[in-house]
Amino acid sequence: MDLKLHRPQSVCSRTGRSFLAGDAFFSALVRGAGGLERIDVAAEAWEGPPAKAVAWWRSVQPAPGEAGPTLAPVDVLLDALEALEESGADEPLRYLLALQLVRRRVLKMEGGGEEDDGTLVFSCRRRDRDYRVQPVEATDLADPQVATRLTALLWSGDAA
């Protein structure tokens, strides 16, 4: 499922204050009557995610004409996925990275996508190989360090 979300607003949805270049703000996807809605809130007005929030993240307002952060190249992300496999550590990060690569249509779940022991199997035509990833509990995914490391892997520039 691909979601169509609007770009960040230039005004805080709580205070009405315009964002200036370099201002930190939070964005949240909130479940509403018409589907998912995006709200942008200045960092100083942020009191945590709204009750019906599905996701939220921190951003910085770019300067006019400034190129925003760019996604890391697919091959770099695949190299990171393989390096995490070899180290045997960071299963939450590896799991989220694999899901991001599915979202970017680089990896695909094969068949039922799961082995008898619960391991998820993703195939990659680009590298002509399969990746086996252990699913991770939601509590392990909530660790802020995992989110910070995933952001650093996925994005370049100030977003990283």
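Taken together, the values in this text are just the output of simple stated rules run on the coordinates, not laboratory data. Model, not experiment: these values are computed from the prediction. Methodologically, a virtual Cβ is constructed for each residue, glycine included, from the backbone with ideal geometry; neighbour enumeration extends over all protein chains shown.
Annotations
- Rounded if a/c under 1.5, otherwise prolate or oblate - the chain, Cα gyration tensor axes: prolate
- Amide H contacts under 5 Å for residue 155: 72, restricted to partners 5 or more places along the chain or on a different chain, H placed in the peptide plane at 1.01 Å from N.
- Between helix 144-154 and the chain there is an angle of about 80 degrees, using the helix long axis and the longest principal axis of the Cα atoms.
- Rounded to the nearest 20, the Cβ-based charge dipole of the stretch 1-66 about its Cα centre (Lys and Arg +1, Asp and Glu -1) stands at 200 debye.
- Sorting 94-106, 51-63 by average packing, meaning the other beta carbons within 10 Å per residue, from highest down gives 94-106, 51-63.
- Rounded to 10°, Cα long-axis angle of helix 91-103 versus longest principal axis of the chain: 80 degrees
- Residues of the chain were split at every exposed loop site, defined as GluC sites (Glu not before Pro) in a DSSP loop with at most 12 other C-beta atoms within 10 angstrom, and the longest piece left, sites excluded, is 67-114.
- Note on the chain: dipole from Cβ charges, positive end direction compared against 72, 144, 15; the farthest Cα belongs to 15.
- Percent RCO, i.e. relative contact order, over the stretch 74-159, from Cα pairs under 8 Å lying at least 6 residues apart: 26 percent
- Prolate/oblate/rounded call for the stretch 43-100, Cα gyration tensor, a/c under 1.5 rounded: oblate
- Net charge of the neighbourhood of residue 27, taken over other residues with C-beta under 9 Å away and scored Lys/Arg +1, Asp/Glu -1, is +1.
- Radius 13 Å from Cβ of residue 108, net charge of other residues (Lys, Arg +1; Asp, Glu -1): +4
- Converting phi to 3J(HN,Hα) with the Karplus coefficients 6.51, -1.76 and 1.60 and the offset θ = phi - 60°, the stretch 132-137 yields 9, 10, 7, x, 10, 5 Hz in sequence order, with x at every glycine or proline.
- For the chain, the longest principal axis of the alpha carbon atoms and the long axis of helix 74-87 meet at an angle near 60°.
- Taking the Cα centre of the chain as reference, the dipole from Cβ charges on Lys and Arg (+1) and Asp and Glu (-1) amounts to some 900 debye.
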